[in-house]
Amino acid sequence: MTWTGQELAELDRASEVRVAGRRADGSSRTLTIVWHVVVDGDLYLRSVNGPDGQWYKGVARHLEGFVHWGNIIREVSFTLDASHDDEIDAAYFVKYGNGSPSRSITSPLAKQTTLRVDPRRLGLERRNAGEQFGEHERRLGFG
């Protein structure tokens, strides 16, 4: 399964996403805000705290989880992928500027955690903030 053009455009425009690893029982760990970039049609993210980042540890356990942006939650797989690190660095600087946060997310420590994020299922859409998720979403730990 691949990202749709619309999803990639939305992800590229979003200033941040929320990400969580999957627990052994299939439910979601706590969603955490992270910076992300789209490079060559793929979604990438890194842990600013390197391998010791809490959200990263949760993701690295099963390399499956969830990405949330706007009103969409996608089940995803995570793959360590340093093959585009130079392009990812450049994309972080373009998207987030040249300040110290961008320098941190492009540091050698953060680069150890470069993850390509690939969709596993169609998005789970929450149509409005007051609406409850369905049974499937509750089982995953959302709602």
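In the range 48-75, which residues are assigned to a loop (DSSP other than H, G, I, E, B) and open to solvent by 10 Å² or more (accessible area, probe 1.4 Å)? Answer for the range 48-75, where residues must be assigned to a loop (DSSP other than H, G, I, E, B) and open to solvent by 10 Å² or more (accessible area, probe 1.4 Å): 48, 49, 63, 70, 71. Among the residues making up the range 76-94, those that are in contact with an Asp or Glu (Cβ under 8 Å, 6 or more places away or on another chain) and either under 20 Å from residue 4 (Cα atoms) or part of a helix (DSSP H, G or I) (or both) are 76, 77, 78, 79, 87. Test residue 97 against the criterion of being open to solvent by 10 Å² or more (accessible area, probe 1.4 Å) and at pLDDT below 95, and give yes or no. So residue 97 does not fit the description; no. Look through the range 20-38, keep the residues that are aliphatic (A, V, I, L, M) and loosely packed, with under 13 Cβ neighbours inside 10 Å, and return whichever of them is modelled with the lowest pLDDT. It comes out as 24.
Residue pairs whose Cβ atoms lie under 7 Å apart, sitting 6 or more positions apart in sequence or on different chains, and linking a residue in the range 70-90 that is on the phi > 0 side of the Ramachandran plot to a partner that is acidic (Asp, Glu), are 70/10. Scanning the range 8-34 for residues that are basic (Lys, Arg) and over 20 Å from residue 49 (Cβ atoms) yields 13, 22, 23. Quick check: anything in the range 39-47 of a type outside the set (Gly, Ala, Ser), more than 15 Å from residue 118 (Cβ to Cβ), open to solvent by 50 Å² or more (accessible area, probe 1.4 Å) and not in a strand (DSSP E or B)? Checked the range 39-47: no residue is of a type outside the set (Gly, Ala, Ser), more than 15 Å from residue 118 (Cβ to Cβ), open to solvent by 50 Å² or more (accessible area, probe 1.4 Å) and not in a strand (DSSP E or B).
The values are calculated or read from the model by the stated rules, or taken from the named source; none is laboratory data. Predicted model only: the values in this text are computed from it and were never measured. We place every Cβ from the backbone using ideal geometry, glycine too, and count neighbours over all the protein chains shown. The protein model used for the area step is the full one, side chains on, heavy atoms only, and it has no ligands, DNA or RNA in it. Shrake-Rupley method; radii C 1.70, N 1.55, O 1.52, S 1.80 Å.
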